[in-house]
Amino acid sequence: MRPLRVTPLGSGYGSTAYRVHRRDGDLVLRVPKPPLAWSGRTLEHECALIEALADVDFGVAIPRDMQVLRDRDGTLLATTHRLVKGTALRDAPRGFARQRFCADLGRFLSALHAVPAAATARAQVSNVDLWTERYRGLIDEALPTLPLASRRWLAGLGEEFGRLGTNRAPRVLTHGDVQGANLLLDDAGALTGVIDFGNAAIADPALDFAGILNDLGWRDLERVWAHYEGVLDADVERRVRFYIAVEPIYQVLYGEAAEGPAERRAGLRRFAARAAVAARDAARSRA
């Protein structure tokens, strides 16, 4: 069926999304950003995972019936999936609605983190030690590009975290990009859907918990944990605090290529602010 019209939905680091309006149900068309060699691979990875999750009930909607569109040479041009209804989280709900949202998110993460290994094996999902295979390398890459105060702070943070690392953390299927843009709500503030599984991996569940702190507070994370049925190991808080502290590293390293120079500058400012807070806290502790 031919679309009635196409309207923009938004843009992320790896792709631009459009809503394809159709009488038999709207679709989302996601087009990779050409300068980024990894963007097409991320969409292809997501398509394979969504197919493997077809029988999983998450309690909320996720992209379904995802398809890859290719040119005659087999190059990925775009993907499509059924529209997931809802509005991206911008302002957190208040009162009872906020508690309900956290409960919904806790139940979603419980289901996601409990996905059996057989399903992830079919989709060839990577099994990743987030310290040795990701963040240690990201920090090494970012350090030479940072101003002195930020460089010292990030180097110290990485050195401290690396003493224990993540090799003893649980390994589950993680979403890998929990943030407001990927959490969809209805008008009452209830969680209706979760989108963008392109960064999913078998990894430390603390990464998804840290993502909640992009838009909500620590008290909200505790509300999510109250409805979480997976393993909360004794070391989880240390790892959550590290992942959210270093989150601007993606803006610093990839923001300019994906969104322009202002995005990278925003990441640098966020690192500078974190370094300043750490320096003040250290000064107080010495006083």
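Which residue, of ARG269, ARG264, is farther than 20 Å from TYR135 by Cβ, among the basic types (Lys, Arg) and assigned by TED's automatic domain parsing to the domain that holds ASP215? Full working, then the answer.
On the way: ARG264 fails: farther than 20 Å from TYR135 by Cβ.
Answer to the selection: ARG269.
Taking the options VAL115, VAL68, VAL28, name whichever one is closer than 22 Å to GLY193 by Cα, surrounded by fewer than 17 Cβ atoms within 10 Å (Cβ to Cβ) and modelled with pLDDT of 95 or more. Result of the check over VAL115, VAL68, VAL28: VAL68.
Among the residues of region 242-261, those that are farther than 17 Å from TYR135 by Cα and without any contact (Cβ under 8 Å) to a residue 24 or more places away in the chain comprise GLU256, GLY260, PRO261.
Residues are listed down the side, and each one gets a yes or a no for (1) in contact (Cβ under 8 Å) with a residue 40 or more places away in the chain; (2) within 30 Å of ILE50 (Cβ to Cβ):
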residue	(1), (2)
ARG163	no, no
ASN167	no, yes
GLY180	yes, yes
LEU185	yes, yes
GLY189	yes, yes
GLY198	yes, yes
ILE202	yes, yes
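Any idea which of ALA210, ALA266, ALA272, ALA262 is assigned to a helix (DSSP H, G or I) and under 16 Å from the mean Cα position of the chain (by Cα)? Spell out how you get there, then give the answer.
On the way: ALA266 fails: under 16 Å from the mean Cα position of the chain (by Cα); ALA272 fails: under 16 Å from the mean Cα position of the chain (by Cα); ALA262 fails: under 16 Å from the mean Cα position of the chain (by Cα).
Being assigned to a helix (DSSP H, G or I) and under 16 Å from the mean Cα position of the chain (by Cα) holds for just one of ALA210, ALA266, ALA272, ALA262, which is ALA210.
Checking each residue in region 10-21 for being in contact with a Leu (Cβ under 9 Å, 6 or more places away or on another chain) and not in a loop (DSSP other than H, G, I, E, B) picks out SER15, THR16, ALA17, TYR18, ARG19, VAL20, HIS21.
Tell me, which helices (runs of 4 or more DSSP H) lie completely within region 22-139 with 1 or more residues that are over 17 Å from the mean Cα position of the chain (by Cα), within 25 Å of ASN214 (Cβ to Cβ) and among the basic types (Lys, Arg)? Can you show your working first?
Numbers: elements: 37-52, 95-113, 117-122.
Result: 95-113.
The values are calculated or read from the model by the stated rules, or taken from the named source; none is laboratory data. These numbers were taken from a predicted model, which means no experiment stands behind them. As a convention, Cβ positions derive from the backbone with ideal geometry for all residues, glycine included, and neighbour counts pool all protein chains shown.
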